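We did not get these values from a lab; they are worked out from the coordinates using the rules stated. Source: prediction; values computed, not measured. Cβ sites come from the backbone with ideal geometry, for glycine too, and all protein chains shown count toward neighbours.
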Amino acid sequence: MVMKRELIADWMGELDAFLDREVTSLYDFRRDIHMNPELGFQEFRTTRQITKRLEDAGLVPKVLPKGTGAICDVGTGEGPIVALRADIDALPLTDEKPVSYRSTAPDACHACGHDVHTTVVLGAGMFLADLAARNRIAGTIRLLFQPAEESLLGALEVVAAGGLADVRRIFTIHCDPSYEVGQLGLRTGAIIAACDKVRVHITTPVAARNGGESPELVHALAKIITELPEALYRRGGPMSSLSLVWGMMDAGPVAHPGRPVGIVEGTVRCLDTEVRKQAPELIASVLLPLARTYEVEANLEYVYGVPPTLNESSCVNIFREVGSAILGRDRVLTAPQSLEGDDFGIYLQSVPGAYARLGVRSPGQSAYGLHQGTFDVDEACISVGIRLLALTALSALARESS
C-alpha cells in the first residue's frame, strides 16, 4: 500500500473536524466565484479572493506575473515537493440556471467546474496549512492556481513562473457529471487527447487563374471537409486514435468559381504520442490526393498545441489507494479516454502525475454534460475532492520521503 490505512484513518479524523468547521465557508467561497466568473487571463478578482483566503490561513501566495493565478507552498519549504493544480478560469457562456448564485457577469459562466476545482485545492491547502503549522508535514505541497486553462495557455505561464521547480509529482481533479458524487474515475496512460490545430489553404491551379477552365473551389472545399476526416478514419490501425474536426471554412463573402483561395481550419485530437508525431504527414498523404481529385492545389499547416494527458502509473495508484480508502474500492472506476483537451498534459511532460475525474452528479440524477449554461454540481463533491487531494498529497510526500 502507498499509505497505511491506519494512517489514512488518522488523517481522515482530522479532515472531518476541519470540514465540520470550514465546509459552509468553502461552499460560500465556491458560490462567490461562481457568481463572479472571469475568462482566461482576466481572473483578477478570482485571484484576489484566492490569495486572501490563503493569507488568512497563514500562507504566502505569489501571484503570477500577468496578475492572474497564484503559486503557494505549504510545509517546510524543504524536502520533496508535491503539487496540486486547480484551473480558475470560466467559459464565455451565458449562465442559464435559476439559482441564487447564478453568474452576474454577462457571457461568462463556470460551466466546466473550475470554481469547484479552485475551492477543492483551496480547502486542501487550508487543511494542509493547519498541519504544517503544527510541524506535521515532512516536505512541501505546492498549490498551483492556474489561469486560462480553457484557452490551453495557462499551464505555460505557471511553468514559466517556476511552478514546477523541484516538483516530484503533480495531481489534479476535474468535475465529471457522468459520475455521481462519491465516485472517482482513474486511468493509467492517456486519459485526455492532445489538441493541435490544422489549416488547409486551397487554391485553383495557375492555368485556371490565367484564363483556363476553373474548378469549383467551394465544391472542392466542401468535399475535402467531408471526405478528409472520413478517409483518415478508414485508414484504421494507429490512425483510429486521431480525430480531425473542422471549425471554420472561408471561401470569401461571395462564393463563385473564380475565387482563387479558400481556407478551412480545424483541430486534431490524438491520444497516442507516436501517431501524433506522424499526424502532419498522415493528413497530407490523404489531403493531397483528394485535392488532385477535385483539381485544386492544397497546402497544409499543422501547429502542435497541448500534448495528451498521460497519467503515470504510480501516481494513479496513489489516487486509487486514497480513493478506495475514503470512498470504497467499488466507487473507484476506470475512466474512459476523452478527446476534449486539457493543458495539464504540459505539466506531465516534465513531472509524473495524474488527472482524476471527480463525480459531481447527485445520486439518481440523470447524466449531463460540461460546457453548457445549465451546468451545476452537487456541492457534496467539494468535501470529497478536498479529502482526496489532501490525502493524495500527503501520501505522495510519504512515498517520496521513504
Taking 0.36 nm per residue of separation between SER313 and SER402 and subtracting their Cα-Cα distance, the length gained on full extension comes to 30.2 nm
Exposure proxy check on MET248, MET12: fewest-to-most Cβ neighbours within 10 Å is MET248, MET12
The answer for the net charge of residues other than ARG387 whose Cβ lies under 12 angstrom from its Cβ, with Lys and Arg +1 and Asp and Glu -1, is -2
In whole angstrom, the spacing between the Cα centers of the stretch 52-68 and the stretch 128-191 equals 16 Å
Checking the stretch 140-183 for GluC sites (Glu not before Pro) in a loop per DSSP with at most 12 other beta-carbon atoms within 10 Å yields none
Rounded to the nearest 500, the 222 nm mean residue ellipticity computed for the chain from DSSP H runs (n ≥ 4, each -39500 (n - 2.57)) alone is -13000 deg cm²/dmol
Per DSSP, the loop-located GluC sites (Glu not before Pro) within the stretch 18-123 having at most 11 other beta carbons within 10 Å are GLU78
Given a Förster distance of 22 Å, the FRET efficiency implied by the Cβ-Cβ spacing of ARG235 and TYR304, rounded to the nearest 0.05, works out to 0.60
On each of the three principal axes the extent of the alpha-carbon atoms of the stretch 1-154, given in whole Å and largest first, is 47, 34, 31
Computed on Cα atoms, Rg of the chain relative to 2.2 N^0.38 Å comes out at 1.11
Residue separation between TYR368 and VAL99 times 0.36 nm, minus their alpha-carbon distance, gives in nm 95.1 nm
Stretched fully, the stretch from HIS201 through PHE44 gains (0.36 nm per residue minus C-alpha distance, one decimal, in nm) 52.6 nm
Looking only at lysines whose Cα falls under 21 Å of LYS277's and that sit 8 or more positions away or on another chain, we get LYS197
Trypsin sites (Lys or Arg not before Pro) in the stretch 45-145 lying in a DSSP loop, each with at most 12 other Cβ atoms within 10 Å of its Cβ, come to ARG134
Surrounding charge for SER362, neighbours by C-beta under 13 angstrom, Lys/Arg +1, Asp/Glu -1, total -3
Quick numbers on the stretch 77-137, Rg and Dmax over C-alpha atoms in Å, give 16.3, 48
With N residues in the stretch 285-333, Rg(alpha-carbon) / (2.2 N^0.38 Å) equals 2.38
In the chain the DSSP beta bridges are antiparallel at a rate, in percent to nearest 5, of 65 percent
Any lysines whose Cα falls less than 25 Å from that of LYS52, other than same-chain ones fewer than 8 residues away, would be LYS62, LYS66
